[in-house]
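J.: I'd like to ask some things about the structure below.
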Amino acid sequence: MSVLFFARKSMANKLNECPIYMRITISGERFEVGTKRFVQADEWSTEASRVKGTVSSSKSINSYLDTLLSKAYAHQRQILNEGRLLCLHEFKCRWHGIPTQTPKMLMQIFDDHNNRMETLIGHEFSPLTFQRYTTAKKHTLDFLKWKLGVDDIDIKKLDYEFIQDFEFWLKSVRRCQHNTVVKYLSNFRKIVNIAIKKGWLTRDPFSGFKMSKREVEREFLTQAELRRIIEKQFEKQRMNQVRDIFLFCCYTGLAYADVQKLQTDELTIGIDGEKWIWTNRKKTGTSTRIPLLPPALKIVNEYLRNPEGPRKDKLFPVLSNHKMNDYLK
């Protein structure tokens, strides 16, 4: 941005007084405004952009022009400090006191996204996916309070440093493992991408930021370990139920979420005349056909004969994921 004062001699009045104008140029675009001050044509210095002489009238006009100059650069600093784009339209609005567009706030965008996702649970999203974004939003809010002491931030203030500090906070303060951090940052990146696609953000703060999960070697149960689980009997019936459901997962290869939603009408007779499970995987939505091995069938028959509690058409009384993991541990 550049600022220039000039005397418009073509508009001189009968007293040969020329109006002084102020010209602001931003990225090649000009904005001119009258200062409501006048000067004799021969008393104006084009080189200095000020009135010549040291008399009180000259000093008064020059002092006023300095005030206008300070005001112009104050508007420039305010626009940049707010993380907004410095353009002629934005500057003119500030100069004339016209309200500019309300800034788009990060947490408001996050709220809107999560509210829409909650409405689509069971159609496009699972409760677990919604829960992940709810947790990601909470972490984002906690980070804003930790780093800036605020509850929200203009989306345009996001930059590479913000993402880098967020990653550090998740690892150091929240004590999240690397792959968990990548998961939360991926959730956060979706919110950023929404802002970019809607034109609220002109640059991607994730540009140049690397996110890659580390390979995790998952251990499997040995035959001896599985046998110990099968033969173990617990005093609490709830523990036995958790053990049975876990074993059923082992025998069928179904994930916790698939077994939790499994219904009795998904038991059918296969081409071999034996019982099979015909279901759709919750995570991928793909159709799955699984023959029931004798140990798995034994568990199914046990729960069909002795249904535990009100579970409608569900095959097993599956607890919440959190409770299941607690009992398994």
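The values are calculated or read from the model by the stated rules, or taken from the named source; none is laboratory data. Keep in mind that this is a model prediction, so the values were computed, not measured. Cβ coordinates were reconstructed from backbone atoms using ideal geometry, including for glycine residues, and neighbour counts include every protein chain displayed. Surface areas here come from the heavy atoms of the whole protein model, side chains and all, with no ligands, DNA or RNA. Shrake-Rupley method; radii C 1.70, N 1.55, O 1.52, S 1.80 Å.
J.: With a cap of 14 neighbouring Cβ atoms within 10 Å, and only residues DSSP puts in a loop, list the chymotrypsin sites (Phe, Trp or Tyr not before Pro) found in region 134-191.
T.: Details: sites: F143, W146, Y160, F162, F166, F168, W169, Y184, F188; in loops: none.
Passing sites in region 134-191 do not exist.
J.: Right, something else. Going by a ≥ b ≥ c, the root eigenvalues of the Cα gyration tensor, does region 197-281 fall in the rounded group (a/c under 1.5), the prolate group (a/b larger than b/c) or the oblate group?
T.: On the way: a/c = 2.73, a/b = 1.79, b/c = 1.52.
Cα axes put region 197-281 in the prolate bin.
J.: Using only Cα atoms, tell me the angle between helix 178-197 and the longest principal axis of the chain; keep it within 0 to 90° and round to the nearest 10.
T.: 50 degrees
J.: Now a separate question. With a sphere of radius 12 Å drawn around the Cβ of P103, what net charge do the other residues whose Cβ falls strictly inside it have (Lys, Arg +1; Asp, Glu -1)?
T.: On the way: positive: R84, K104, K156, K157; negative: E82, E90, D152, D154.
Summing Lys/Arg as +1 and Asp/Glu as -1 gives 0.
J.: List the GluC sites (Glu not before Pro) within region 155-219 that DSSP assigns to loop and that have no more than 15 neighbouring Cβ atoms inside 10 Å.
T.: Details: sites: E161, E167, E215, E217, E219; in loops: E215, E217, E219.
For GluC sites (Glu not before Pro) across region 155-219 that sit outside H, G, I, E and B with at most 15 neighbouring Cβ atoms in 10 Å, the list reads E215, E217, E219.
J.: Using a 10 Å cut-off on Cβ atoms, rank the peptides 251-259, 197-205 from the highest mean neighbour count down. The partial results should precede the final answer.
T.: On the way: 251-259: 17.4, 197-205: 14.1.
By packing density, highest mean first, the sequence is 251-259, 197-205.
J.: Enter the angle in degrees (range 0 to 90, nearest 10) between the Cα long axis of helix 106-119 and the first principal axis of the Cα atoms of the chain, meaning the one along which they spread out most.
T.: 30 degrees
J.: Report, to the nearest whole %, how much of the accessible area of the chain belongs to carbon and sulfur atoms, 1.4 Å probe, protein only. Before the final figure, lay out the partial values.
T.: Values: 10400 of 20660 Å².
About 50 percent, which is the carbon plus sulfur part of the accessible surface.
J.: Additional query: Please compute the length gained on full extension between D42 and K71, using 0.36 nm multiplied by the number of residues separating them and subtracting their Cα-Cα distance. Don't skip to the end; give the middle numbers.
T.: Numbers: separation 29, 0.36 × 29 = 10.44 nm, distance 2.74 nm.
Between D42 and K71, full extension yields an extra 7.7 nm.
J.: For region 204-257, run through the trypsin sites (Lys or Arg not before Pro) and keep only the ones in DSSP coil with at most 10 other Cβ atoms within 10 Å of their Cβ. Write down the numbers at each step before the final one.
T.: Details: sites: K210, K213, R214, R218, R227, R228, K232, K236, R238, R243; in loops: K210, K213, R214, R218, K232, K236.
Answer in residue order: K210, R214, R218, K232, K236.
J.: Just list whichever of K147/K197; K138/K213; K213/K275; K137/K282; K71/K197; K190/K275 have alpha carbons separated by over 31 Å in the model shown. Each step should come with its number before you reach the end.
T.: Values: K147/K197 27 Å; K138/K213 22 Å; K213/K275 39 Å; K137/K282 24 Å; K71/K197 35 Å; K190/K275 43 Å.
Beyond 31 Å: K213/K275; K71/K197; K190/K275.
J.: Now a separate question. Excluding V173 itself, calculate the net charge of residues whose Cβ lies under 15 Å from the Cβ of V173, where each Lys or Arg counts +1 and each Asp or Glu counts -1.
T.: Numbers: positive: K138, K145, K147, K171, R174, R175; negative: D142, D165, E167.
With Lys, Arg at +1 and Asp, Glu at -1, the net is +3.
J.: Another question about this same structure. How big is the antiparallel share of DSSP beta bridges in the chain, given as a percent to the nearest 5?
T.: On the way: 27 of 28 bridges.
Roughly 95 percent of the DSSP beta bridges within the chain come out antiparallel.
J.: Something else about it: Okay, which of region 113-127 sit inside 19 Å, backbone N to the point 7 Å along the Cα-Cβ direction of K213?
T.: The answer is 125-127.
J.: Show that you can apply the helix-only estimate: for the chain, add -39,500 (n - 2.57) for every DSSP H stretch of four or more residues, divide by all residues, and state [θ] at 222 nm to the nearest 500. Could the numbers behind the result be given before it?
T.: Details: 11 runs with 154 residues, N = 329.
Computed mean residue ellipticity for the chain: -15000 deg cm²/dmol.
J.: Would you mind checking the tilt of helix 294-305 against the longest principal axis of the Cα atoms of the chain, expressed as 0 to 90 degrees and rounded to 10?
T.: 90 degrees
J.: So, in Å, what gap is there between the alpha-carbon centers of region 157-187 and region 7-86?
T.: Between the Cα centre of region 157-187 and that of region 7-86, the gap is 48 Å.
J.: Can you tell me the length gained on complete extension of the stretch L141 to T268, counting 0.36 nm per residue apart and subtracting the Cα distance? Mind dumping the intermediate values first?
T.: Numbers: separation 127, 0.36 × 127 = 45.72 nm, distance 4.80 nm.
Gain on extension, L141 to T268, equals 40.9 nm.
J.: Which of the peptides 300-306, 125-131, 136-142 is most tightly packed, and how do the rest follow, judged by the mean count of other Cβ atoms within 10 Å per residue? Before the final figure, lay out each step's value.
T.: Numbers: 300-306: 12.4, 125-131: 14.0, 136-142: 17.7.
Top of the packing list down: 136-142, 125-131, 300-306.
J.: Give the cross-link partners of K236 among the lysines, using a straight C-alpha distance below 20 Å as the criterion and excluding same-chain residues fewer than 8 apart.
T.: Partners found: K323, K329.
J.: How many angstrom lie between the Cα centre of region 225-249 and the Cα centre of region 118-143?
T.: Centre-to-centre (Cα) distance: 32 Å.
J.: Near D66, within a Cβ-to-Cβ distance under 14 Å, what is the net charge of the other residues, with Lys and Arg +1 and Asp and Glu -1?
T.: Details: positive: R37, R50, K59, K71; negative: none.
With Lys, Arg at +1 and Asp, Glu at -1, the net is +4.
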